Amino acid sequence: MWRCNILMQASIPVVALLFFGVMNIGTSSTASAQTSAEIINGMEELMRGESSRAELTMRIERPRYNRDITMRSWALGDDYSMILITAPARDEGTTYLQRENEMWNYQPSIDRIIKMPPSMMSQSWMGSDFTNEDLVRESSMVDEYEHRILREEEYEGYDTWVLELIPKPETPVVWGKVLIWVAKENYMQLRIENFDQRDELANTIELSEVREMDGRQIPTRMEMTPADKQDQRTILIYDRIEFNVDLEESFFTQQNMRRVR
């Protein structure tokens, strides 16, 4: 999107991307040279910037149909973001606004802005495998998780650290554990596995198609697959992204939800 908070933090973020104290028990010389906190900070800095603007395509794949959604997104720090749906035609102009932990939705068909209550945050976003909360929830992985370097291994041709993150008791997330594969050469996230409170795999996010965008080598494709629904997935593709663009808090208003294009 000009940026979707998921993630990639996933969220999550999704995705959340998405889409994030300190324990480091690695034993090799490479692991001892980097703490888990340093790795997480490098990973987050790669994708974040002070502000960003992006254009994305989301592809929702189901056994009986596929659906593509294109969007633009603007973000300032962790607390402000806006997403504008540009296609398909029936959803064009639909806008989502995040200010800190609150979220609003503008529906042009009825010319109405609706504040989304907490009960809606766990619901699917635009029929995808991401939730509304994936768009607005940006946890500080360093502060809100206990984390460690679990192991080192090769993944998809990259030497990686595999980090294990356990949310602290006061951290408001649904996951009981998160595993993240991070490339050693530049802190790229390559894979995320989210586990539920019973330590069962809930979903997997794979990041791929590394390209240079605005001077940074980043994964431009994020694919989420629910563990219990192997026949469906949601794919996010960055068509364009710019970092450290000129944005002010005054851009992220309910009034601008109707005007933004």
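The values are calculated or read from the model by the stated rules, or taken from the named source; none is laboratory data. Note that the structure is a prediction, hence the values are computed from the model and not measured. Virtual Cβ from ideal backbone geometry, glycine too; neighbours counted across all protein chains shown.
Of all residue pairs spaced 6 or more apart or on separate chains, those with beta-carbon atoms under 7 Å, a first member in the stretch 97-125 that is within 15 Å of residue 81 (Cα to Cα) and a second member that is aromatic (Phe, Trp, Tyr) and part of a loop (DSSP other than H, G, I, E, B) are 97/252; 99/252.
Right, residue 197: among the polar types (S, T, N, Q), assigned to a loop (DSSP other than H, G, I, E, B) and out of contact with any His (no Cβ under 7 Å at 6 or more places or on another chain) or not?
yes
Hey, among 150, 179, which residue is farther than 30 Å from residue 116 by Cβ and in a strand (DSSP E or B)?
Working: 179 fails: farther than 30 Å from residue 116 by Cβ.
Testing whether each residue is farther than 30 Å from residue 116 by Cβ and in a strand (DSSP E or B) leaves just 150.
More than 19 Å from the chain's Cα centre (by Cα) and modelled with pLDDT under 85: does that describe residue 119? Here the answer is yes, as residue 119 does meet what is asked.
Criterion first (out of contact with any strand residue (DSSP E or B) (no Cβ under 7 Å at 6 or more places or on another chain) and either within 17 Å of residue 142 (Cα to Cα) or not in a loop (DSSP other than H, G, I, E, B) (or both)) does residue 66 satisfy it?
The answer is no for residue 66.
Take the conditions (1) in a strand (DSSP E or B); (2) modelled with pLDDT of 95 or more; (3) surrounded by fewer than 19 Cβ atoms within 10 Å (Cβ to Cβ); (4) not aromatic (Phe, Trp, Tyr); residue 250 misses just one of them, which is (1).
Could you go through the stretch 174-185 and let me know if any residue there is touching a helix residue (DSSP H, G or I) at 6+ places or on another chain (Cβ under 6 Å) and either polar (S, T, N, Q) or surrounded by fewer than 18 Cβ atoms within 10 Å (Cβ to Cβ) (or both).
Initially, the stretch 174-185 is screened for residues touching a helix residue (DSSP H, G or I) at 6+ places or on another chain (Cβ under 6 Å), giving 182.
Still in the list and also either polar (S, T, N, Q) or surrounded by fewer than 18 Cβ atoms within 10 Å (Cβ to Cβ) (or both): none.
Looking for residues that are touching a helix residue (DSSP H, G or I) at 6+ places or on another chain (Cβ under 6 Å) and either polar (S, T, N, Q) or surrounded by fewer than 18 Cβ atoms within 10 Å (Cβ to Cβ) (or both), one finds none in the stretch 174-185, hence no.
Condition check for residue 14 on (1) under 20 Å from residue 142 (Cα atoms); (2) of a type in the set (Val, Ile, Thr); (3) at pLDDT below 85; (4) out of contact with any strand residue (DSSP E or B) (no Cβ under 6 Å at 6 or more places or on another chain): one failure, at (4). Within the stretch 182-194, the set of residues being in a strand (DSSP E or B) and either within 17 Å of the chain's Cα centre (by Cα) or β-branched (Val, Ile, Thr) (or both) comprises 182, 189, 190, 191, 192, 193, 194. Tally time: how many residues in the stretch 84-115 are surrounded by 14 or more Cβ atoms within 10 Å (Cβ to Cβ), under 18 Å from residue 252 (Cβ atoms) and in contact with an Asp or Glu (Cβ under 8 Å, 6 or more places away or on another chain)? Qualifying residue count, the stretch 84-115: 3. Being β-branched (Val, Ile, Thr) and modelled with pLDDT of 95 or more holds for only one residue in 30, 35, 95, and it is 95. Residue 81 falls short on exactly one of the conditions (1) surrounded by fewer than 21 Cβ atoms within 10 Å (Cβ to Cβ); (2) closer than 21 Å to residue 240 by Cβ, and that condition is (1). Could you tell me whether residue 207 is more than 27 Å from residue 60 (Cα to Cα) and part of a strand (DSSP E or B)? It is false that residue 207 is more than 27 Å from residue 60 (Cα to Cα) and part of a strand (DSSP E or B).
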